[in-house]
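Since every read-out is calculated from the coordinates, none of them should be taken as a lab result. What you are looking at is a predicted structure, and each value in this text was computed from that prediction instead of being measured. Don't worry about glycine lacking a Cβ; one is built from the backbone with ideal geometry, like all the others, and counts go over all protein chains shown.
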Amino acid sequence: MKFLSNMLVAIVVLLSITNSFAQISKAEIVATGLTCSMCSNAINKQLKKLPEVENVAIDLNTNTFTVSLKKNNNISPKILKESVQKAGFFVGSMIITMNFDNQKIDENSKIKKDNLNLIFIDTNQKILNGLTKFKVLDKGYLVMKDFKKNLKIYSKYASYNLDNEDDYHLKPL
């Protein structure tokens, strides 16, 4: 009997400490290279194939795809970018919305949030709380002209000069 009660306690403890993947709740992706509505349809199909995606809304005037994600997803910006590329297009801009609970950050600080390595650039905020929007500043998440401009501005950050696809440089909006 004691064994069963100990097992029950162990199970409750394990369930309470499981990692929840509540990171990105929404992504706004501006795609480049689109020439017609069939182009946007190709991207829409690729994004909707992802099991983490709940809904995709498209603004054809700005080529913006607003991707709403399911709760407890473990998606990364890289997966979203690769979906756009599979359709034959590129990401011109990506803004992600994430939920934070009183997370302290510093300029150029790196934190691990669930499955993502986040590095914060150009931040005046010291505490992140609630839903917060960030622009992804890495290569492949901006048009090349903007990335090259940022490379000059952010060259003081050693991590920004590296081609590490597992680190995401974010600017709070």
TODO: Quick one: net charge around residue 72, please, counting Lys, Arg +1 and Asp, Glu -1 for every other residue with C-beta under 12 Å from its C-beta.
DONE: -1
- [ ] List the GluC sites (Glu not before Pro) within the range 41-148 that fall in a DSSP loop (any state other than H, G, I, E or B) and whose Cβ has at most 14 other Cβ atoms within 10 Å.
- [x] 107
TODO: For residue 122, list long-range residues whose amide hydrogen, built 1.01 Å from N in the peptide plane, is under 5 Å from its own amide hydrogen.
DONE: 108
TODO: Choose one answer from 102, 117, 61: the residue with the largest mean-square fluctuation in a GNM of the chain with alpha-carbon springs under 10 Å.
DONE: 61
Task: Max mean-square fluctuation residue, GNM over the chain, Cα-Cα springs under 10 Å, options 48, 156, 81 - done: 156
Open item on the list: If the elastic network links every pair of Cα atoms under 10 Å, which of 66, 132, 97 fluctuates the most in the Gaussian network model of the chain?
Closed with: 132
Task: Helix 77-86 axis, angle to the chain major axis (alpha carbon atoms, nearest 10°) - done: 50
Task: Pairwise Cα inverse-distance average, inverted: Kirkwood Rh of the range 49-131 (Å) - done: 14.6
- [ ] Take the chain, drop everything but the C-alpha atoms, weight them equally and run the Debye formula without solvent; then report log10 I(q)/I(0) at 0.15 Å⁻¹ to two decimals.
- [x] -0.86
Task: Within-15-Å neighbourhood charge of residue 45 [Cβ basis; K, R +1; D, E -1] - done: +2
Open item on the list: As I understand it, the value is the acute angle between the Cα axis of helix 144-153 and the longest principal axis of the Cα atoms of the chain; what does it come to in degrees, rounded to 10?
Closed with: 70
Task: Degrees, to the nearest 10: 2-16 long Cα axis against longest axis of the chain - done: 20
TODO: Starting from the Cα-Cα distance between residue 144 and residue 163, subtract it from 0.36 nm times their residue separation and give me the gain in nm to one decimal.
DONE: 5.4 nm
Task: Local electrostatic count at residue 124 - Lys and Arg +1, Asp and Glu -1, tallied over other residues with Cβ under 13 Å - done: -1
